[in-house]
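Engineer: To start, I am sharing the structure in question, which I have written as structure tokens.
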Amino acid sequence: MEIVLALLFGAVAGLLVHYTLPGRDTRGAALAPLIGAVVGGGVWMVLTWLGWTTDNGWLWLTSIAAPLVVSYPAVAVLTRRRHAVDDRERRRLRIA
């Protein structure tokens, strides 16, 4: 049941990334929280499969920090990619 907390912490980390990075208008509001939740839940799942228990502080720290570490560059890359695709499409359609 504690995995729900990891998912929630990941989603909150994703929200933080969404609102701190520029280019919010080019991506959906759910993209960064979804990435954070998936990473947080995935890290929690893998670490518990490796035998870490919920009384281990490193499990909590890792499942909170990993979404920030992964979401920030992932959202930055996706935003740059979206800008590049939009610019290429504007040139193709000859839109100023």
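Engineer: Only residues of segment 19-38 count here: report those whose backbone N is under 20 Å from the spot 7 Å along Cα→Cβ of residue 83, or say none.
Structural biologist: 19-33
Engineer: Going by C-beta contacts inside 10 Å, put 53, 26 in order with the fewest on the left.
Structural biologist: 53, 26
Engineer: Further question: Please state the equivalent ellipsoid semi-axes for segment 46-92: what are the square roots of 5 times the Cα gyration tensor eigenvalues, largest first, in whole Å?
Structural biologist: Working: eigenvalues 306, 17, 4 Å².
The three semi-axes for segment 46-92 are 39, 9, 4 Å.
Engineer: If the only charges are +1 at each Lys and Arg Cβ and -1 at each Asp and Glu Cβ, what is the size of the charge dipole of the chain around the Cα centre, to the nearest 20 debye?
Structural biologist: That gives the chain a dipole magnitude of about 820 debye.
Engineer: Determine one quarter of the surface area of the Cα convex hull of segment 4-43, which equals its mean projected area, and express it in nm² to one decimal.
Structural biologist: About 2.4 nm², averaged over all directions.
Each value in this text was obtained by applying a stated rule to the coordinates, not by laboratory testing. Because the structure is predicted, anything quoted here is derived from the model rather than measured. Reconstructed Cβ throughout: ideal geometry from the backbone, glycine too, with neighbour counts over all protein chains shown.
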